[in-house]
Structures are given as C-alpha cells and as structure tokens.
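The values are calculated or read from the model by the stated rules, or taken from the named source; none is laboratory data. As the structure is a computational prediction, the values presented were derived from the model and not from experiment. We place every Cβ from the backbone using ideal geometry, glycine too, and count neighbours over all the protein chains shown.
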Amino acid sequence: MSSPSTQNSEPVTNAPKKALITGITGQDGSYLAELLLEKGYEVHGIKRRASSFNTERIDHLYQDPHEIAKDSESDSHSTSHITPNTKNRGALFLHYGDLSDSSNLIRLIAEIKPDEVYNLAAQSHVAVSFESPEYTADVDALGTLRLLEAIRFLSLEKKTRFYQASTSELYGLVQEIPQKETTPFYPRSPYAVAKLYAYWITVNYREAYGIYACNGILFNHESPRRGETFVTRKITRALANISQGLEECLYMGNLDAKRDWGHAKDYVRMQWMMLQQDEPQDYVIATGVQYSVREFIEKSAAQLGIKIRWEGEGLNEVGIVESLSTKYSELSTNNSALQTSHLALSTGSIVVRIDPRYFRPAEVETLLGDPSKAKEDLGWIPQITLDEMIDEMVTHDLDQAKRHALLKANGYNVEFSKEN
Ligand code: NDP
Ligand code: GDR
C-alpha cells in the first residue's frame, strides 16, 4: 500500500483529506463516515430531502455547528490543561443532493474538491428495481456517469479518486463458482443491469481519462444498520418481534437462495483501502463462505433459543417451533412494572410461512465470492464472523422489540412498520 504522502499529485499539506460520500445516510455510508472521521478526514455527505428525518444512522456523528461554537468558546476560557476530546469535531458536513441532479453534483464537487469520492448512493433493493426499473437505471447507472463527468468537467482527474459500489449481483446467473474478478457477468434484475453500466463506465473513465477509479465488487454485507426490508434484517427483526409476542409469523420468499454474507464494517474498511493503492484496481470482497436463507433463519432463531423444524414443500413449507431452550425464557423483559411475560411461543407454533409476493421475476440463486486478490494485494481479512454478526443483529433487534413490548404492556399504543 502506498504511504499517504504519495497518494495524489498535490503537494503534501497538513490539511485533512476531504471525502465526499454519496449515500451517507445508508448502511455503508454511515460506517464509512465513521471510519473516515476516525482517520481524520473532513467528510462531506449527500443526503436527500425527505418528508421525515432520514439521518438516523449518522446522527451520532453529526455535531450541531451552534454547539461546536459554544464548545470552542468555553474551551478558550478554560484554564484546564486537560485537552477536551476534540478529535475531528465538526468534520462532518451534510449537503442536500440527488444522483439524478447533475448541476447539484457538479456544484458540490466544485465546492468541496474532494480527494476521494465514494459513490454508495443507489436504489439498492433488487426486488424494488423490478417495480421501478427506469428510476433505478437513472440513479444507479446514470448517477455514476454524472459523478464521473463532474470530476472530468471540473478537471479533477488527477486529484479526485473514485470508488464505485459494484455488486455481486453482476454475476447473477453464475458462470463460475466461486466468483472472482475475472468471472463473466450475467445480471438478472434491472438493479444489476444498471450496476453493470456503472461498473463499465467506471472502468472506461479510468482507461479513457486516467481517473483513479475502482470498482469494489462487494458481496452481501449486513449489520444492525441494514435496511429493514433486506432478507437478513427482515429475519432478525421479525424473529425478535415474534419472541416478544409483537408479531406472529415471518412471511418469506425463496428460502433456498444462497448468499455469501459478511459484515458491513469489514467491507467499508476495504472500500477505503482500495483508494489508497498506487494504481486503481477492481476487487471482489466476500467471505468465501455461503449459507441459504433457511440456514440464516435457523441461526437467528437459535440466538433467541428457538429451534425450528421445517415441514411441507414449496409454497406450503412452514417453519415450526420444535423446541424452546432456557435462553428463550430468559428473554422476558426484566421490568417489575410488567405483571405478565411477553414470551408468546410454544412448541408447535408456526413462525415461518411462504408468501409468493416475495419471489422475484428472475432470481439469483447462489453467490459465493473468492476474495483472494483483496487478501493478497491488500492484506484484507474480514474480522467479524457470520455468527458474531447474527448475534449483534439479533441482540439489537431484541432490544428494540423489548422496548416496544414494554410500552405496549403499559398501555401505550405502539405502532411499528410491518411493511417488508
Ligand atoms: P442502502 O440502501 O442502505 O443506502 C443507499 C443510500 O443511497 C441511502 O443513503 C439512500 O438515501 C441513498 N440514495 C438512494 N437513492 C438516491 C438518490 N437518487 N440520490 C442520492 N442518494 C440516494 O445501501 P447500502 O448502504 O447497503 O449499500 C451501499 C451501496 O453499495 C449501494 O450502492 C448498493 O447498491 C451497493 N451494494 C450493497 C451491498 C450490500 O450488501 N449492502 C453489496 C453490494 C453493493 P436515503 O437514506 O434517503 O434512502
Ligand atoms: P439481495 O439481498 O437481493 O442479494 O441484494 P436481499 O437481502 O434482498 O435478498 C437475498 C436473497 O434472499 C431472498 N429472499 C428474500 N429477500 C427479501 N428481501 N425478502 C424476503 O422476504 C425474501 N425471501 C427470500 C431473495 O430472493 C434473495 O435471493 C443485496 C442488496 O444489498 C444489493 O444492493 C446488493 O447489490 C446485493 O445484496 C449484493
């Protein structure tokens, strides 16, 4: 890996590096912002205007400028020799914008002049892309072109490095197992086709204009910050709710789909590492291990002390509680205000059913990545195992479910989104 001082052609100064993250309010954007702030970057993020707050994942990183001004004032009056924890305080800046809006992107890049752009923004849901194919193409494909064009138009080719969030969905109908950088692509959804354009336009601008631009071909990665409608989070959230008597059943699509699931924290580290090389290259990021959706359900249920048995076939397949360990009875809310336990399950309850509306018009049945190149070139090794990740996700969602159950038991009307 190159040393920081050799990474771009500008003279070395003490000014912090500037990064622009599109999609900063999403799962990866939030972890990447954390990482870059820790590394001392000035971080700029593009957020969309929405009718309700959409910055929940990054609120802990953002400091109100008025508070910073007040803190600095009190610091300057302080006679204490103890340095307050000012590390990178106020280094996160949020800007309104949208990948469908070229003039907005050009203006932001012209103002910020970032050293690194991480293009994480996308309509990222594969099933939704079948419902909104044109919008998905506009944002995921043309949005990438708009950013690259902005870099070129502003003559920042030699300054600004570009990371493109490419995806294992490019492999779709897989041509080789496991999939690596040289495996042919065969996209199976409007999302994947849009990302295919984004992949190649990134390669093209690297070759045509000498922009330092890389594709990270990332396999599925999850966390407690994963959007609630992706399969892993849907499972951990629903099972936690079921354990607390807030929901009765988890409705699923294709249980046989296999994925190579890693942890988002490990994967954003790799996004940064890719932009610190001497030469831009594309990398597959994966764990090299795959599980089925059915196995993910079993593992998540086991974290709650629930053993699931499968019965029936196809659309009639159901997941039934085979046994409940003492771990399950320990999930009860330890609050003296509660007279009754919320634990609602008994053996024989059906907790998983199939709903055909979660099947996709064209499915990606199996994905398994080979991350050898990333390991060899960059020394990247994922640190968090699947079991540790499931533990973290279930613990997070159980905590939320317990809070809801507690409020409900005390007479409060608790509504949470059941849309999935
Ligand atoms: P999320 O869905 O969690 O986040 C997507 C982000 O993009 C959100 O910040 C969203 O804003 C923003 N966004 C959506 N549409 C627009 C738009 N028109 N203009 C500007 N911003 C927009 O995705 P992840 O964090 O999981 O993934 C990050 C990137 O990596 C995506 O490009 C995804 O396709 C890709 N990827 C993800 C993988 C994964 O397993 N997680 C694997 C491989 C690739 P808002 O919060 O307002 O909705
Ligand atoms: P994916 O993730 O399509 O791989 O895209 P998702 O978690 O949505 O689906 C994984 C697999 O599970 C099957 N499945 C279900 N999926 C959902 N969402 N809901 C269900 O009820 C359900 N039942 C079964 C799916 O059919 C699929 O096979 C994710 C996104 O983050 C993309 O942006 C990213 O590019 C890829 O991962 C890599």
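For the range 64-95, how many residues meet the condition of being modelled with pLDDT under 85 and assigned to a loop (DSSP other than H, G, I, E, B)? Explain how you work it out, then say what you get.
Taking the range 64-95 as the starting set, the residues that turn out to be modelled with pLDDT under 85 are 64-90.
Now narrow it down to the ones that are assigned to a loop (DSSP other than H, G, I, E, B): 64, 78-90.
Qualifying residue count for the region: 14.
What number of residues within the range 256-310 satisfy the criterion of being surrounded by 21 or more Cβ atoms within 10 Å (Cβ to Cβ), in a strand (DSSP E or B) and aromatic (Phe, Trp, Tyr)?
Number satisfying all stated conditions: 1.
Going through GLY210, GLY245, GLY253 one at a time, which residue ends up being in the same structural domain as ILE297 (by TED's automatic domain parsing), more than 14 Å from ligand 1 (Cβ to nearest atom) and at positive phi?
Sole residue among the options that is in the same structural domain as ILE297 (by TED's automatic domain parsing), more than 14 Å from ligand 1 (Cβ to nearest atom) and at positive phi: GLY245.
Give the number of residues within the range 96-146 that are under 23 Å from LEU196 (Cα atoms) and in a helix (DSSP H, G or I).
Residues meeting the conditions: 22.
Counting only residues that are touching a residue at least 24 places away in the same chain (Cβ under 8 Å) and not in a helix (DSSP H, G or I), which one in the range 181-199 is surrounded by the most Cβ atoms within 10 Å (Cβ to Cβ)?
Going residue by residue through the range 181-199, those that are touching a residue at least 24 places away in the same chain (Cβ under 8 Å) are 181, 188-199.
Still in the running and not in a helix (DSSP H, G or I): 181, 188-189.
Working: GLU181: 15, ARG188: 20, SER189: 23.
The extreme case among them is SER189.
With (1) within 13 Å of ligand 1 (Cβ to nearest atom); (2) modelled with pLDDT under 95 as the list, and ASN8 as the residue in question, which single condition is left unmet?
Condition not satisfied by ASN8: (1).
Determine if the range 281-301 includes at least one residue that is within 16 Å of ligand 1 (Cβ to nearest atom) and either of a type in the set (Gly, Ala, Ser) or over 30 Å from LEU173 (Cβ atoms) (or both). Steps first, answer last, please.
From the range 281-301, those within 16 Å of ligand 1 (Cβ to nearest atom) are 282-291, 293, 296; that's our starting set.
Retained after the next criterion (residues that are either of a type in the set (Gly, Ala, Ser) or over 30 Å from LEU173 (Cβ atoms) (or both)): 286, 288.
Checking the range 281-301: at least one residue is within 16 Å of ligand 1 (Cβ to nearest atom) and either of a type in the set (Gly, Ala, Ser) or over 30 Å from LEU173 (Cβ atoms) (or both).
Looking only at the range 396-420, which residues are at pLDDT 95 or above and under 18 Å from the mean Cα position of the chain (by Cα)?
Passing the criteria: HIS396, ASP397.
Residues that are farther than 16 Å from ASN119 by Cβ and either modelled with pLDDT of 95 or more or not hydroxyl-bearing (Ser, Thr, Tyr) (or both): does the range 20-34 have at least one? Spell out how you get there, then give the answer.
First, pick out the residues of the range 20-34 that are farther than 16 Å from ASN119 by Cβ: 34.
Of the ones still in play, those that are also either modelled with pLDDT of 95 or more or not hydroxyl-bearing (Ser, Thr, Tyr) (or both) are 34.
There is at least one residue in the range 20-34 that is farther than 16 Å from ASN119 by Cβ and either modelled with pLDDT of 95 or more or not hydroxyl-bearing (Ser, Thr, Tyr) (or both).
Pick from GLU169, GLU116: which is in contact (Cβ under 8 Å) with a residue 60 or more places away in the chain, in the same structural domain as LEU37 (by TED's automatic domain parsing), surrounded by 23 or more Cβ atoms within 10 Å (Cβ to Cβ) and over 30 Å from PRO16 (Cα atoms)? Spell out the reasoning first.
On the way: GLU116 fails: over 30 Å from PRO16 (Cα atoms).
Step by step, each of GLU169, GLU116 is checked, and only GLU169 is in contact (Cβ under 8 Å) with a residue 60 or more places away in the chain, in the same structural domain as LEU37 (by TED's automatic domain parsing), surrounded by 23 or more Cβ atoms within 10 Å (Cβ to Cβ) and over 30 Å from PRO16 (Cα atoms).
Condition (residue is hydroxyl-bearing (Ser, Thr, Tyr), at pLDDT 95 or above, in a helix (DSSP H, G or I) and more than 23 Å from the chain's Cα centre (by Cα)) applied to the range 205-227: is it met by at least one residue? Full working, then the answer.
Taking the range 205-227 as the starting set, the residues that turn out to be hydroxyl-bearing (Ser, Thr, Tyr) are 205, 209, 212, 223.
Now narrow it down to the ones that are at pLDDT 95 or above: 205, 209, 212, 223.
Within this subset, residues satisfying the condition of being in a helix (DSSP H, G or I) are 205, 209.
Next, from what is left, pick out any that are more than 23 Å from the chain's Cα centre (by Cα): 205, 209.
Yes: the range 205-227 contains one or more residues that are hydroxyl-bearing (Ser, Thr, Tyr), at pLDDT 95 or above, in a helix (DSSP H, G or I) and more than 23 Å from the chain's Cα centre (by Cα).
Which residue is surrounded by the fewest Cβ atoms within 10 Å (Cβ to Cβ), if the candidates are limited to the range 132-145 and must be within 13 Å of ligand 2 (Cβ to nearest atom) and either of a type outside the set (Ser, Thr, Tyr) or over 24 Å from GLU419 (Cα atoms) (or both)? Talk me through it step by step, then tell me what you get.
Going residue by residue through the range 132-145, those that are within 13 Å of ligand 2 (Cβ to nearest atom) are 136, 139-140.
Now narrow it down to the ones that are either of a type outside the set (Ser, Thr, Tyr) or over 24 Å from GLU419 (Cα atoms) (or both): 139-140.
On the way: VAL139: 22, ASP140: 27.
For the range 132-145, the residue satisfying everything is VAL139.
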